[in-house]
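Working notes, beginning with the structure itself.
Coordinate-derived values only; no laboratory data. The shown structure was predicted, so the numbers you read here are calculated from the model rather than taken from an experiment. Cβ coordinates were reconstructed from backbone atoms using ideal geometry, including for glycine residues, and neighbour counts include every protein chain displayed.
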Amino acid sequence: MENNTLSKREVEALIDFYLASGVDGFLEEEPVDRFAAPAKPPVSLADFQSPATQTPNSPPNQRGQQPVSSAGPAAQQQGRPPQTPPASASPIPAAPQGGAVIPDQAAINSARERALTAQSLDELRELLGTFEGCNLRLTAKNLVFADGNPVAKVMFVGEAPGRDEDILGKPFVGRSGQLLDRMLTAIGLDRSSAYIANVVPWRPPGNRTPTPQETELCKPFIQRQITLANPDVLVFLGAASAKSLLDVKDGIRRLRGQWKEYDSGSRKIPCVATYHPAYLLRSPLEKRLSWRDFLAIRAKLDDMNGS
Ligand code: URA
């Protein structure tokens, strides 16, 4: 009879193999076929039909939210008065229950429709929490929605959470986040005066790059998040977020430091791309160019403040 017991050495070799393949956590005792047919088709336009009362491109109306992380006095100094969400805010449609989905155009269309129904950042976070169109949610531990002050004048957008962010459910809390914090401090900002999010709000397994389909599926949500947060200045951290949100193909070397306008649907927001902090950790010499970008961000904020 075949002996299925692995020796200690074989188990160690297997774990080494998993680690080298990017596996860094156990999910289930037994393998799960995530493509097994769910009880109901997971993504269909009808499931996400917008309520009749919806005003998809209406201007942001959620300025009175408390910062996601602890806000210092700077949070009160944003000069952006709180507003209450309208009583007519659309109810959040229920999402279907299911396993993995095939990321196709219908799923992307559904994501667009669904994101537009959110009338506040809180609603958007809830919608994402029940959105089953992106398979990354199956392997991520947490939704990583945002950190910082949602009414801050400046919003930073990265690519996707890593391991530390996945564990804590907050963007930029690992090594690159610590560098970002130092860069913010250098221009007089912190997480009470900046709002931080990612294009993709779930960690791709093993920190791999999100696929183009994953990015397209998540894009309507970050677009809506920008519209609802309505910052005065938008900063793309790295090529991935700049390319996806500006719909351009240029590399980060060409893009960085170039001020452009991001059309949020309700207005044009001055925006700029800069190097991703993770890249700066690998290429510290490039910090001098980032420093220029951060000084330009400070100057833009001061200009807009009239100081
Ligand atoms: N890199 C990102 O792009 N986002 C994070 O939140 C962390 C690392």
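What is segment 160-307 by shape, rounded, prolate or oblate, if you read a ≥ b ≥ c off the alpha carbon gyration tensor as root eigenvalues and call it rounded for a/c under 1.5, prolate for a/b larger than b/c, and oblate otherwise?
Numbers: a/c = 1.41, a/b = 1.14, b/c = 1.23.
Since a/c stays below 1.5, the shape of segment 160-307 is classed as rounded.
When Lys and Arg each count +1 and Asp and Glu each count -1, what net charge do the other residues less than 13 Å away from residue 112, Cβ to Cβ, add up to?
+1
Among 196, 102, what is the fewest-to-most ranking by other Cβ atoms within 10 Å? Each step should come with its number before you reach the end.
Values: 196 28, 102 11.
Ranked by crowding around the Cβ, least crowded first: 102, 196.
Pairs to check: 141/300; 141/249; 219/287; 243/300; 243/287; 141/260. Give those whose C-alpha atoms are more than 30 Å from each other in this structure.
Result: 141/300; 141/249; 141/260 exceed 30 Å.
Between residue 17 and residue 263, what FRET efficiency comes out of the Förster formula 1/(1 + (r/R0)^6) with R0 = 51 Å and r the beta carbon distance, rounded to 0.05?
Details: r = 47 Å, r/R0 = 0.92.
Efficiency, from the Cβ-Cβ distance: 0.60.
Quick one: order 183, 155, 304 by neighbouring beta-carbon count within 10 Å, fewest to most.
304, 183, 155
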